[in-house]
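The values are calculated or read from the model by the stated rules, or taken from the named source; none is laboratory data. Note that this is a predicted model, so its numbers are computed, not measured. As a convention, Cβ positions derive from the backbone with ideal geometry for all residues, glycine included, and neighbour counts pool all protein chains shown.
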């Protein structure tokens, strides 16, 4: 049976009776365990249809129940780090009846979303922010004399980012009433050690023990220097006992009271510990909770990495639904990088905790000495790459476009200022679909094109991606290549690779009435639009710019002047993007022409299939035709 850890009596679906956390606070432990099973079944059955983050959500079901059971949410604030583990939270906070729309167009988000619920405190899809958010809230509550609690829930993976430790360091210094839950689903710990440390943590946080400790401290302090000496010895003894059984010395050094590890799937232990901390703790506290990714679903327990984020799958087998079609850009990138590394020993690959998602698993296995997973630390990844490049390597930093936003200063200061040959491979450029606004890569063309020394490329198809990667690795300056999520255009892949002439575009179609300038994955829709326009008597020239920076002033300028009208198309925001670059170029060439910019407006974009978002923005073939007809109203 693939769905496991289910209580014997689950005949009553308690989840159907839960509309808010108030509905769970009167339940006994046995009923809460049944409810946990109901929640798991609901998550598994829904994600099997919609896709989503499965293993992380299954791992925090009991923790989520315990938090809402103990704390007075939403007055008490739960701040989820990353947010991809929030499905149980959504089911308990009034979204049970809409849960089937998870990650769907105009449905509920796969991440916390403030506009959805008062229980969603922050909108987050990037990691390691929860402690800083929560410390700010706790500090404001202190200023406002608000007694509500603030609880940050952060996974061990998110603790690899410097931002998390910046927050911890500041929290220890401010000494505010803050609770941090460390959801540890990676650490291996002996069951006996875990049981002993859990027992100690629960007992040492109890009200009776705290009163006893306070009383003893007061009495010893009254005994002048002798009492202080005894008190110092006793404190060291307690620290030694806890330190022997627990890994909490780091957090104690940051002035947090450390509690744990606590078994994360034992509701009674979780509830007792959380109640003790709620009622008796003052100042920053860190509770270390041990959980298992994918808990309750055998395939996800066995291979949690494969079930971190999944598409629709068959519950009985755990296998994804078969897909067909062209190879993905991500796969082409990974295969090409391996091919280049076989003949060029300078090539190294760096990822920020995304080896599978960025296509680097083959590289990591074939070239382990040249593969580096730095954890969720994009800033370090970039500067680390700069160091490699200084010593003669050709590092490739492979990261989702949206996550590169976290390392902009390092790109500018550490790579581009010294003009180092680092390649930035930005996967998921453009809209990504169901993960929504936190993951859409629609700002990269805007925040990269202004940086001196940086060449910015975008391939029209998977074959051009190969050549761009070859070009970048063999260049002596920094380069960025942004490419979309999903399948390629099903074109043939050249076996021999060559460097593209820097800053040179290619003319794909001649025309006399209007120049279409699509970048990256918008080239093929533009070619389709040109065919449709021809049927309307409009001859459109189409140029594939290839390079966002530098632009091919000669080819683009010549055909812009010849056609008299220009339409730019990009899977990016219009402000500061590719179209803006073209406008600036035309101005510098003293060409005053009607220009229409097609792309995304100045707002964040909700989740939906990529095709829907392209259509809504008017950057699919039909939208390009419509935009072109509008610009045709102006004299050329």
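The number of residues in the stretch 99-123 that are under 28 Å from residue 173 (Cα atoms), touching a strand residue (DSSP E or B) at 6+ places or on another chain (Cβ under 7 Å) and surrounded by 21 or more Cβ atoms within 10 Å (Cβ to Cβ) comes to 1. If I filter the stretch 602-616 for residues that are crowded, with 21+ Cβ neighbours inside 10 Å, in a helix (DSSP H, G or I) and modelled with pLDDT of 95 or more, do I get at least one hit? Yes.
Can you go through 583, 598, 533 and tell me which one is in contact with a helix residue (DSSP H, G or I) (Cβ under 9 Å, 6 or more places away or on another chain), outside any strand (DSSP E or B) and modelled with pLDDT of 95 or more? Even if it seems obvious, please write down each step before you answer.
On the way: 583 fails: in contact with a helix residue (DSSP H, G or I) (Cβ under 9 Å, 6 or more places away or on another chain); 598 fails: outside any strand (DSSP E or B).
Only one candidate passes the filter, namely 533.
Would you confirm, using the coordinates I've provided, whether residue 357 is modelled with pLDDT under 95 and surrounded by fewer than 24 Cβ atoms within 10 Å (Cβ to Cβ)?
Working: modelled with pLDDT under 95: yes; surrounded by fewer than 24 Cβ atoms within 10 Å (Cβ to Cβ): yes.
When the stated conditions are applied, residue 357 passes them.
Scoring residue 484 on the criteria (1) surrounded by 24 or more Cβ atoms within 10 Å (Cβ to Cβ); (2) touching a helix residue (DSSP H, G or I) at 6+ places or on another chain (Cβ under 6 Å); (3) not in a loop (DSSP other than H, G, I, E, B) leaves a single failure, condition (3).
Candidates are the residues of the stretch 419-437 that are surrounded by fewer than 22 Cβ atoms within 10 Å (Cβ to Cβ) and out of contact with any helix residue (DSSP H, G or I) (no Cβ under 7 Å at 6 or more places or on another chain); the one that is nearest to residue 343 (Cα to Cα) is 419.
State yes or no: is residue 526 under 24 Å from residue 611 (Cα atoms) and over 39 Å from the mean Cα position of the chain (by Cα)? Working first, answer last.
Values: under 24 Å from residue 611 (Cα atoms): yes; over 39 Å from the mean Cα position of the chain (by Cα): no.
When the stated conditions are applied, residue 526 does not pass them.
Restricting attention to the stretch 124-136, the residues that are farther than 17 Å from residue 160 by Cβ and surrounded by 22 or more Cβ atoms within 10 Å (Cβ to Cβ) add up to 2.
Considering the stretch 263-282, the residues that are in contact with a strand residue (DSSP E or B) (Cβ under 7 Å, 6 or more places away or on another chain) and within 25 Å of residue 173 (Cβ to Cβ) include one that is surrounded by the most Cβ atoms within 10 Å (Cβ to Cβ), namely 277.
Residues in the stretch 547-580 that are part of a loop (DSSP other than H, G, I, E, B) and touching a strand residue (DSSP E or B) at 6+ places or on another chain (Cβ under 6 Å): 565, 574, 577. When restricted to residues that are buried (at least 23 other Cβ atoms within 10 Å of the Cβ) and without any contact (Cβ under 8 Å) to a residue 60 or more places away in the chain, the stretch 327-347 contains 1.
Just one of (1) assigned to a loop (DSSP other than H, G, I, E, B); (2) touching a residue at least 12 places away in the same chain (Cβ under 8 Å) fails for residue 630. It is (1).
Going by the conditions given, is residue 107 part of a loop (DSSP other than H, G, I, E, B), under 21 Å from residue 437 (Cα atoms) and touching a helix residue (DSSP H, G or I) at 6+ places or on another chain (Cβ under 6 Å)? Criteria met by residue 107. Select from the stretch 439-475 the residues that are out of contact with any strand residue (DSSP E or B) (no Cβ under 9 Å at 6 or more places or on another chain) and in a loop (DSSP other than H, G, I, E, B) and write down the one among them that is surrounded by the fewest Cβ atoms within 10 Å (Cβ to Cβ). If we take residues in the stretch 439-475 being out of contact with any strand residue (DSSP E or B) (no Cβ under 9 Å at 6 or more places or on another chain) and in a loop (DSSP other than H, G, I, E, B), then 452 is surrounded by the fewest Cβ atoms within 10 Å (Cβ to Cβ). Among the residues of the stretch 489-510, are any at pLDDT 95 or above, in a loop (DSSP other than H, G, I, E, B), closer than 30 Å to residue 311 by Cβ and in contact with a strand residue (DSSP E or B) (Cβ under 6 Å, 6 or more places away or on another chain)? No: zero hits.
Of all residues assigned to the stretch 245-252, none qualifies as being modelled with pLDDT under 95, loosely packed, with under 14 Cβ neighbours inside 10 Å and assigned to a loop (DSSP other than H, G, I, E, B). Residue count for the stretch 300-340 under the criterion of being under 19 Å from residue 358 (Cβ atoms), in a helix (DSSP H, G or I) and touching a helix residue (DSSP H, G or I) at 6+ places or on another chain (Cβ under 8 Å): the result is 9.
Kindly evaluate residue 88 against the criterion of being modelled with pLDDT of 95 or more, within 22 Å of the chain's Cα centre (by Cα) and surrounded by 18 or more Cβ atoms within 10 Å (Cβ to Cβ). Yes: the conditions hold for residue 88.
Condition check ((1) farther than 30 Å from residue 257 by Cα; (2) modelled with pLDDT of 95 or more) across all residues:
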position: 285; (1), (2): no, yes
position: 303; (1), (2): yes, no
position: 333; (1), (2): yes, yes
position: 344; (1), (2): yes, yes
